[in-house]
Amino acid sequence: MTAVVLGGLLLAFTARSEESVAGIGIDLGIHQHKMKIIHVLTNTPASKAGLSAGLVVQKIDGKTTEGKSLDDCVKMIRGASGTKVTLELVDTSQNKTNTVELTRTAIKR
């Protein structure tokens, strides 16, 4: 995994020799001490569920993201294809919290 700081936003990208990893199709970043979705890949579980950049990831499988590293959160979201992960998301523009359950799949980069 590569982490980059860009304009105060810590970004995580996976650079692996594998063609795919099992996940939900998002790139995460830390901005103002909050774990946020910074990019949603098309045609993935995340895009099909309507997730979008800017949503705050407050919990992963019931565990808070507060105080966790970017790498730890990425590891929590990844898992075997066909398994589920639950995210508690906050849309700060509408002041709404939503919980979504997504099924991990192979994600090609």
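The values are calculated or read from the model by the stated rules, or taken from the named source; none is laboratory data. Since the structure is predicted, the reported quantities are computational estimates derived from the model, not experimental observations. Positions of Cβ are backbone-derived with ideal geometry, glycine not excepted, and every protein chain shown enters the neighbour counts. Just the protein is used for accessible areas: all its heavy atoms, side chains included, with ligands, DNA and RNA removed. Shrake-Rupley method; radii C 1.70, N 1.55, O 1.52, S 1.80 Å.
Here are the numbers:
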read-out	value
Wholly within the range 23-108, strands (runs of 3 or more DSSP E) carrying at least 1 residues that are open to solvent by 20 Å² or more (accessible area, probe 1.4 Å), in contact with a Gly (Cβ under 9 Å, 6 or more places away or on another chain) and among the basic types (Lys, Arg)	34-40
Residue list for the range 38-92, filter: touching a residue at least 24 places away in the same chain (Cβ under 8 Å) and basic (Lys, Arg)	59, 68, 78
Single residue of the range 74-109 satisfying the filter (among the hydroxyl-bearing types (Ser, Thr, Tyr) and within 18 Å of residue 53 (Cβ to Cβ)) that is modelled with the highest pLDDT	97
